Amino acid sequence: MSDAIRAETVYVGDEKIQAYQARPVGPGAFPGVVVIHHLPGWDESTKEMVRRFAVNGYLAICPNLFWREAPGASPDDASAFVRGQGGIPDEQIIQDVRTAADALRAMDGHNGKVGVIGHCSGGRQALLVATAMPLDAAVDCYGAFALEPPAASTGLKMTSIKDRLPDLGCPVLGLFGDDDRNPAPAEVERLAGILAEHGKQFERHSYEGAGHGFFSPDRPGYRQQAAVDGWKRIFAFFDRHLGGKRLEA
């Protein structure tokens with residue numbers, strides 16, 4: 001099978017939300033994945049993740065969650081502006097991810113299943129949206145501030161989503177670093193306990209010697225061994241729950 005893809009910026013939904021989209025070239029019954037970018041913004045490393053899913057047989061899309069607040073700004077400038085405002089409201093995030101998921105479902109060649117994945121703040125938001133809309137799988141990569149809000153000194157206005165977790169509607173894969181502080185291992189344990197209490201399916205893995213951002217090859221916290229293993233687990237999880245068929249070995 002070919003690993004050729006088409007990737008481009010698109011505008012989706014009634015509001016014409018800016019998003020980056022990639023898909024395999026050719027016919028197929030492909031699963032869909034919404035990629036939620038991290039707090040540093042709708043940047044090149046996140047777009048590379050979108051392309052990686054397409055190369056591996058997925059329809060993928062990443063909405064620019066900062067497009068209203070900072071239209072046309074660079075990822076760094078948009079992130080700084082949004083941080084100064086305390087972040088993006090949860091209900092706005094839910095709506096934009098829902099719009100992106102609907103865009104996937106409307107694409108030719110979609111198999112009817114949609115998952116979501118996020119890193120850092122996007123990991124928290126992956127859990128958030130999985131409590132608020134029909135999804136088939138969610139991946140939380142070191143999602144910060146899911147149970148405990150950030151310190152006031154950060155200026156961020158994120159709140160705990162603990163009370164939403166009983167509404168989680170799909171299996172979750174969590175990937176974390178033992179050296180992370182947001183979330184720290186103790187918070188990951190608490191999250192696992194809460195999800196178990198509510199009978200939720202939560203598969204988790206933590207990596208020794210890895211801290212926050214270990215998936216990001218352009219950041220000092222990158223840890224190759226953890227990232228390689230993490231990607232294998234992500235694709236195995238999505239293949240299992242979304243019906244993916246890998247285009248490359």
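Within the range 85-131, the set of residues being touching a residue at least 40 places away in the same chain (Cβ under 8 Å), among the hydroxyl-bearing types (Ser, Thr, Tyr) and open to solvent by 10 Å² or more (accessible area, probe 1.4 Å) comprises just one member, Thr99.
Could you grab me the full set of residues in the range 25-40 that are over 19 Å from Ile94 (Cβ atoms) and open to solvent by less than 40 Å² (accessible area, probe 1.4 Å)?
At the first step, the residues of the range 25-40 found to be over 19 Å from Ile94 (Cβ atoms) are 25-31, 40.
Once the filter is applied, which keeps residues that are over 19 Å from Ile94 (Cβ atoms) and open to solvent by less than 40 Å² (accessible area, probe 1.4 Å), the range 25-40 yields Gly26, Gly28, Phe30, Pro31, Pro40.
Could you tell me whether any residue of the range 221-235 is touching a residue at least 60 places away in the same chain (Cβ under 8 Å), of a type in the set (Val, Ile, Thr), open to solvent by less than 50 Å² (accessible area, probe 1.4 Å) and part of a helix (DSSP H, G or I)? Yes, that holds for at least one residue. None of Thr46, Thr99 is under 18 Å from Ile5 (Cβ atoms) and of a type outside the set (Phe, Trp, Tyr) except Thr46.
Take Arg240 and decide whether it is touching a His at 6+ places or on another chain (Cβ under 7 Å), assigned to a helix (DSSP H, G or I) and farther than 22 Å from Pro149 by Cα. Lay out the reasoning, then the answer.
Working: touching a His at 6+ places or on another chain (Cβ under 7 Å): no; assigned to a helix (DSSP H, G or I): yes; farther than 22 Å from Pro149 by Cα: yes.
The answer is no for Arg240.
Of the residues that sit in the range 199-212 and are touching a residue at least 12 places away in the same chain (Cβ under 8 Å) and either in a loop (DSSP other than H, G, I, E, B) or under 20 Å from Pro150 (Cα atoms) (or both), which one is most open to solvent (accessible area, probe 1.4 Å)? Only one residue fits best here, namely Glu208. Scanning the range 154-191 for residues that are surrounded by fewer than 17 Cβ atoms within 10 Å (Cβ to Cβ) and more than 30 Å from Gly84 (Cα to Cα) turns up Pro166, Asp167, Gly169, Glu189.
Of the set (1) in contact with a strand residue (DSSP E or B) (Cβ under 8 Å, 6 or more places away or on another chain); (2) without any contact (Cβ under 8 Å) to a residue 40 or more places away in the chain; (3) more than 30 Å from Pro27 (Cβ to Cβ); (4) surrounded by 16 or more Cβ atoms within 10 Å (Cβ to Cβ), all apply to Phe215 but (2).
Here is a check on your reading of the model: is Ala22 among the aliphatic types (A, V, I, L, M), surrounded by fewer than 20 Cβ atoms within 10 Å (Cβ to Cβ), touching a residue at least 24 places away in the same chain (Cβ under 8 Å) and touching a strand residue (DSSP E or B) at 6+ places or on another chain (Cβ under 7 Å)? The answer is no for Ala22.
The values are calculated or read from the model by the stated rules, or taken from the named source; none is laboratory data. What you are looking at is a predicted structure, and each value in this text was computed from that prediction instead of being measured. All Cβ positions, even for glycine, are placed from backbone atoms using ideal geometry, and neighbour counts span all protein chains on display. Remember, those area values only see protein heavy atoms, side chains included, never the ligands or the DNA or RNA. Shrake-Rupley method; radii C 1.70, N 1.55, O 1.52, S 1.80 Å.
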